[in-house]
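Report on the structure given below.
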Amino acid sequence: MNVLFLCHSHPELQPGGTEAFSRALFRELRDHQGIEGTFLAATTQTLRRRNPGTLLQAAPGGAVDELLVSLDRFDRFFLSQPDIYGLAASLPPLVERVRPDVIHVHHPLLFGTETIDLLRRIAPKAVLVATLHDYFAICPREGLLLTADGRLCNGPSPDRCRTNCFSERNSVDLTMRALSVRGAFKAFDGLVAPSRFLRERFLAAGWEDSRIVLLHNGVHLPSPVPHRAAPDGRRDRFAFFGHINRFKGSLVALAASARVSAAFVPHTLALHGGTAHQPKAFLEEFDLALGEARDADYRGPYGSADLPMRMASADWIVVPSVWWENAPLVIMEAFAHRRPVICSGIGGMAELVRDGVNGLHAPVNDPEGLAAVMRRAATSSGLWDKLVDGIEPPRGIAVAAEEHMELYRTLSARKRRAPRAASRAAASRTPGRAMEGAIVRDPR
């Protein structure tokens, strides 16, 4: 089976969860499921300007089956890519070379809805699959399902979106956006939801139940790093892993740590992650919050190879995201290393972390509430041991790959049956068949 993966970035350029999982899945399918193909990651025209005339080039890391395509001028509201030159000049030759049986799109960003239509035209026999890694397809506000003032949103509607987020746009824009994106996604033979919560949000937005299958993500299952020695019995070392941005809750974590310190509860909070592409105002706010949290320390960006060493010094992993996370890989990575998780008790986070079983829930976007949970975690004798005992190994990437292969086979078989069924249906509508049926049913 030949497979073409498309993702909006490459984990060596932007180490986000979508990028990391999609490449890990591609490599697992390649190395252990016998597929061949290409992992194509989009990037901006910066690379094209560095290498004039080059649209496709090798991705960082030197893998021959991982490429970058240079695209630009993406419309994030309409999920539209007007860089037709970049698309038309790069995708058809690649599809011709790979001859994919399956094309799996892992995000519409940068590629745009135009790419979906182009792929369907140039590879009509290929099975098209998309994974809904977040809410971009239903939420024009960066796929966050958050209002402009930071409140959780239960789902889009033209009136609600205009009132809460897009007062400068008219209802026609919002309606057309919803219709065009949903219409483009109908070209896919199957859609994948990595969490029940995300699937429910798409169904509530009017997407078809029968087209969205639940397939959980997976991670590599390393040997867990040992827990640190704690002769005094205290488990008071907290760690944050992920992008340092407003929506992942780094500011909430720092404010909570400052409150724990003010209550004279000994603890540490280490923040691991990059700050790339963050606005100046946020970075200034982050520096101020870091200065006010005397027991917190920013450790900077990290790669996948650095994760075990950095996690070794942590007792608890804190995931205080302020939006409906879908299926955060950091939670699965924490469980792989047998670290209980303190997370916002919403969305896909609450789906992975069972309060009082393998972690603790905290109120969303509430520094005081998170501080109370952190104080409890640091001071409650036996709580950490109980939660560690409740951790089960997360789903491995090998299991996720097997389930994706089964999905590909199912959709391929269905696609092969469809033309035959259509041919039979068309034949039954021909005059000859109609007459034949009438003769058979003629009472004479």
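Read the figures in this text as sums done on the coordinates, not as results from a lab. Nothing here was measured: the structure is a model prediction, and the numbers come from that model. Quick reminder, even Gly has a Cβ in these numbers, built from the backbone with ideal geometry, and neighbours come from all protein chains shown.
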Per the Cα gyration tensor, segment 361-413 corresponds to an equivalent ellipsoid with semi-axes, largest first in Å, of 40, 17, 6
29 Å tail of the calculated P(r), segment 2-214, as % of Cα pairs: 25 percent
Shape call, segment 1-46: gyration tensor on alpha carbons, a/c limit 1.5: oblate
Where does helix 367-379 land angle-wise versus the long Cα axis of the chain, in degrees 0 to 90, nearest 10? 60 degrees
Taking a point 7 angstrom from the Cα of T163 along the C-beta vector, which residues in segment 176-207 have backbone N less than 17 Å away? none
Sorted by packing (mean other beta-carbon atoms within 10 Å per residue), highest first, where do 122-131, 14-23 land? 14-23, 122-131
Based on the Cβ-Cβ distance from R417 to F264, what FRET efficiency comes out when R0 is 60 Å, to the nearest 0.05? 0.30
Between the modelled labels at A276 and F77 (7 Å from Cα along Cα→Cβ) the distance in nm is 2.8 nm
Under the Karplus curve 6.51 cos²θ - 1.76 cosθ + 1.60, θ = phi - 60°, whole-Hz ³J(HN,Hα) for segment 311-325, x wherever Gly or Pro sits: 6, 4, 8, 9, 8, 10, 9, 9, 10, x, 4, 9, 10, 6, 4
Relative contact order as a percentage, segment 2-214, C-alpha pairs under 8 Å and 6+ apart, gives 18 percent
About the Cα centre, and with charges only on the beta carbon of Lys, Arg (+1) and Asp, Glu (-1), how big is the dipole of the chain? Nearest 20 debye, please. 1440 debye
Straight-line reach from K415: which lysines have Cα under 25 Å away, leaving out those fewer than 8 places along the same chain? K125, K186
Here the FRET efficiency for T147 versus K186, based on Cβ atoms and R0 = 35 Å and rounded to 0.05, is 0.80
³J(HN,Hα) across segment 199-205 via Karplus (A = 6.51, B = -1.76, C = 1.60, θ = phi - 60°), whole Hz, x for Gly/Pro? 4, 5, 5, 5, 5, 5, 7
Over segment 293-401: Rg over Rh, Cα atoms, Kirkwood Rh: 0.95
Please report how far the C-alpha centroid of segment 320-337 lies from that of segment 78-102, rounded to the nearest whole angstrom. 32 Å
Which aspartates and glutamates does K248 reach when only Cα atoms under 15 Å apart count, and residues fewer than 8 places away in its own chain are ignored? D134, E142, E285, E325, D366
Would you order F240, F202 from fewest to most other beta-carbon atoms within 10 Å of each residue's own beta-carbon? F202, F240
Report the net charge of residues surrounding Q81, where surrounding means a beta-carbon distance below 12 angstrom and charges are Lys +1, Arg +1, Asp -1, Glu -1. -3
What ranking do 264-270, 132-138, 302-308 get when scored by the average of other Cβ atoms within 10 Å per residue, highest first? 132-138, 264-270, 302-308
Rounded to the nearest 500, what is the 222 nm mean residue ellipticity of the chain from helices alone, with -39500 (n - 2.57) per DSSP H run of 4+ residues and division by all residues? -13000 deg cm²/dmol
Net charge around R27, counting only other residues with Cβ within less than 12 Å of its Cβ (Lys, Arg = +1; Asp, Glu = -1)? -2
Net charge contributed by nearby residues that have their C-beta within less than 11 Å of M311 (K/R +1, D/E -1): +2
Computed over the chain: longest principal axis from alpha-carbon atoms vs helix 397-428 long axis, angle to nearest 10 degrees, is 20 degrees
